[in-house]
Every structure is written in C-alpha cells, then in structure tokens.
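These notes are about the structure you will find just below.
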Amino acid sequence: MTTHPTEPATPDPRVRMLDDLIHGRWVLTLEPTPDGDTEVVAYRPLGWTGPGDPHERLAAPDHAALRDQLVHHHTTETEHTRE
C-alpha cells in the first residue's frame, strides 16, 4: 500500500546546489590568493540570464566552505523569489 503525503517535502538545498553545479548554473575554479594560497571560486556561466547577478562571484578557502555558501545562496535566493 502506497501513501501520499498531504504536503510535498521541502527540497534539500544541498541537493539543489548539486543540481545547479551539474547543470552548469555555476562554474567552479581554483584561483591563487595574494598570500600564495588557493581559494575555490564559483562564477555564473558566461551569458547567464537566470536569477541574480550574472557577474556574481563566491569564494571560499576550501570546497566544503564553498558548498556551504552555495547552499546558503540558494536558500536566500529562493526566499527572495517567493516574496
């Protein structure tokens, strides 16, 4: 017997973040910092016409921190589009 929930489950923002990366909504790269370290950077792809700033740049010291930023970005972006 299959039951159907009365309300759709809230999508996990981590899954959406991975979907955004897989479908090319963000371009990831590594860039040197002035102090000689490397940071992980996410850009919108060239010609971006989706929501938000097409020149947006997110940077973090490592992949885990950038994933957190992308999840947070998606969560706040979703909240702004609902308003």
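The values are calculated or read from the model by the stated rules, or taken from the named source; none is laboratory data. Computed from a predicted model, the values in this text were never measured in an experiment. Glycine also receives a Cβ, built like all others from the backbone with ideal geometry; neighbour counts cover every protein chain displayed.
Using beta carbons and a limit of 8 Å, which pairs, at least six apart or on different chains, have the first residue in region 41-63 and within 15 Å of residue 74 (Cβ to Cβ) and part of a loop (DSSP other than H, G, I, E, B) and the second one among the β-branched types (Val, Ile, Thr) and at pLDDT below 90?
So the pair list comes out as 51/81.
Anything in region 26-40 that is among the hydrophobic types (A, V, I, L, M, F, W, C) and in a strand (DSSP E or B)? List them, or say none.
Result: 27, 28, 30, 40.
With the condition kept exactly as written, say whether any residue in region 27-39 is within 12 Å of the chain's Cα centre (by Cα) and not β-branched (Val, Ile, Thr).
Checked against the condition, which is being within 12 Å of the chain's Cα centre (by Cα) and not β-branched (Val, Ile, Thr), region 27-39 yields at least one hit.
Name, by its number, the condition in (1) loosely packed, with under 11 Cβ neighbours inside 10 Å; (2) acidic (Asp, Glu); (3) at pLDDT below 85 that does not hold for residue 35.
Tallying (1) loosely packed, with under 11 Cβ neighbours inside 10 Å; (2) acidic (Asp, Glu); (3) at pLDDT below 85, residue 35 fails exactly one: (3).
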